[in-house]
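Laboratory data are not the source of any read-out in this text; all were calculated from the coordinates shown. Note that the structure is predicted; figures quoted are calculated from it, not measured. Positions of Cβ are backbone-derived with ideal geometry, glycine not excepted, and every protein chain shown enters the neighbour counts.
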Amino acid sequence: MTSNVLAPGLPGLTDGDVETASKSSPEWVAETRRNAWRTYESMELPDPGDEEWRRTNLREMTFPSARPSQLSVAADSSRNDAIVIADLASSDHADVVKRYFGKTVHAEEWKFVALNAALWSGGKLIHVPAGVEADLPVSLLASGLTDGGAAFPRVLVIAERNSSVRIVDDSSSVGGGFVSSVVEIIVGEGAKVEYYDINRWGDGVLNFKTVRAILGRDAEFVGLAAGIGSKLTKMRFDVEMPEPGARMQLLGVTFGSGKQHFDYNTLQNHVGHHTISDLQFKSALTDESSLVWYGITRINHGATAAEANQTSRNLLLSEHAKAAPIPILEIEAYDVAKCSHGATAGPVEDTELFYLESRGIPKDVAEHMLVEGFFADVIRRIPDEKLREQVLDAVLVKAGGRLESITWDDVLAG
């Protein structure tokens, strides 16, 4: 059974689900959930006239009636004994959760964020004390979404002064369903956080995700969105730099097939002086898949000597695939050090394909090699070698897997 999504929201959910989710929770959590539900009920879906939403018009979509689905969220922090990894609802860490929960991503931002704030489950807290440098990545693996299920994962990351941590957030499922996720990341003074999101949801999943990081003075953040699964992904990935000396990278790799649709909104928000941001997003699209990237670089008044770049490159492997990269610059400071942007969308270069085919490489293999090479300069920015391989393998599974029998060295030697 399906019905149009209007003001009431996702069919099948009620305020009774909020009370169920609130059982055994502290009263402040229960009250936060109830307030978020009221906000959710009162909000309309985004106006399709808004620039960020006009290419993914939710009002034209139908959503299946859904019931809350309890995801299995495994957290692995082997040998990272100094890091706190706990359930968000745990009373053992109530003080720190209460201090930061919902302060970075607000329930009032839009309807499905409010829904997450009301019904989140399987939430995880990752708290890195001051001065602690994690040796190994923290791995989060979300799975178990059932057909007709609605899941609401939530992650809160707090990296205190001069700490560092690397987080791999991997989501997967076999069937369909609805997902609204929120990730809040607080990066303290001089701290470094790397956050890698790998979306391997099933083909029928409607995936909505908001990730936002706030950086302290001289803090560093690296974020990656790897788009592989889902029927629809609408992802917001924002980085706020209110303090001087903060620097960040946002990376994106997406491989679309079938009728998949990926819609990314990004924000590089420079407020403090001498802040640096760099965005590199790449996608390869085949069949009738489509991608939208709407990226804002905002250099506020007072963000003197800011440096910013944003680049979106999109490879169209089918005449029916579509990409709409939209870079936006909003510059209010008069003494910017550097600000640049670029965006392209087009097919594989005929000359490159001809070069490989002329050396006896079949067309499909040659095209595959070009796709691997196309992603390489983004993938190599991931500092951990094992993680680089994990991300590249996950993306290229859509193209039939990694090529092992023919290498670029073989081609050049021929």
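The order of S72, S230, going from fewest to most other C-beta atoms within 10 Å of their C-beta, is S72, S230.
As a calculated quantity, the FRET efficiency between L329 and D92 at R0 = 51 Å, using C-beta atoms, amounts to about 0.65.
Each of D76, D95, D170 was scored by other Cβ atoms within 10 Å of its Cβ. Listed from fewest to most, they are D95, D76, D170. Between the range 207-280 and the range 281-298, the C-alpha centres lie 13 angstrom from each other. I'd like to know which of G258, G272, S173 lies farthest towards the positive end of the charge dipole of the chain, counting +1 on Cβ of Lys and Arg and -1 on Cβ of Asp and Glu. Among G258, G272, S173, the one farthest towards the positive end of the dipole of the chain is S173.
Restricting the calculation to Cα atoms, the range 1-156 shows an Rg/Rh of 1.01 when the hydrodynamic-style radius is the Kirkwood one. In the chain, helical runs assigned H by DSSP with n ≥ 4 each contribute -39500 (n - 2.57); averaged across all residues and rounded to the nearest 500, the mean residue ellipticity at 222 nm is -6000 deg cm²/dmol. For D17, neighbours were defined as the other residues whose beta-carbon sits under 15 Å from its Cβ, and their charges (Lys and Arg +1, Asp and Glu -1) total +2.
Can you say what percent of the DSSP beta bridges in the chain, counting only those with both residues inside, are antiparallel? Round to 5. The antiparallel proportion sits near 10 percent. Candidates L115, V18, V183 compared by Cα position along the dipole of the chain: farthest toward the positive end lies V18, with charges placed on Cβ. A convex hull fitted to the Cα coordinates of the range 2-348 yields 128 cubic angstrom per residue. With neighbour counts taken as other beta-carbon atoms within 10 Å, the residues V253, V397 rank, fewest first, as V397, V253.
Between amide H atoms placed 1.01 Å from N, distances below 5 Å from S230 occur with W201, G202, D203, V205, all of them 5 or more places distant or on a separate chain.
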